[in-house]
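Data first, discussion second: the structure below is written as structure tokens.
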Amino acid sequence: MVEFKTKKSMNENLSFDRLPALVAKLSARIEHLIELQTKQSENIASDSLEQPLSVKQAAEFLNIAVPTVYGKVSASELPHMKRGKRLYFLKSHLIKYLEGGMRKTKHEIEDEALTSLTRRKAKD
């Protein structure tokens, strides 16, 4: 790992005689930063290419039984892809599916009811 110093500590040791050594350290720092940036962009690229899940993996992710997955697919409740006889699922689609089942709080329901009533009164 490359050692990083503060500006103050680098300026204290700055001299013409030490210039080649300081340039070498600076070069090492730049190489280290380039490596970090490359690793980070590789991680972002691998995350954007989402791997499809099998039926078993989807069942584990959703914490339901495999037959339940097949039942939900048959009822068109679960977003899926089919190639030949195989079913595939994307984790992002399964998360959206789960979010779609989110129940509203009592407070949210009351707010919607009040909004609806005030709109109706405004129309009349």
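Tell me which of these Thr118 doesn't satisfy, since it passes every other one: (1) surrounded by 13 or more Cβ atoms within 10 Å (Cβ to Cβ); (2) without any contact (Cβ under 8 Å) to a residue 40 or more places away in the chain. The number of the failed condition is (1). Applying a threshold of 8 Å to beta carbon distances and a minimum spacing of six or more residues, or different chains, the list of pairs starting in the range 59-80 at a residue that is closer than 13 Å to His93 by Cβ and ending at one that is exposed (fewer than 13 other Cβ atoms within 10 Å of the Cβ) and of a type in the set (A, V, I, L, M) reads Leu62/Leu98. Within the range 96-124, being assigned to a loop (DSSP other than H, G, I, E, B) and either farther than 30 Å from His80 by Cβ or touching a helix residue (DSSP H, G or I) at 6+ places or on another chain (Cβ under 6 Å) (or both) holds for Thr105, Asp124. Residues that are farther than 15 Å from Phe61 by Cβ and of a type in the set (Lys, Arg) were ranked within the range 89-108; the one that is farthest from the chain's Cα centre (by Cα) is Lys106.
Readers should treat all values here as calculations from the given coordinates under stated rules, not as data from a laboratory. None of these values were measured; they are calculated from a predicted model. Ideal geometry is used to build each Cβ from the backbone, glycine not excepted, and the neighbour counts take in all protein chains shown.
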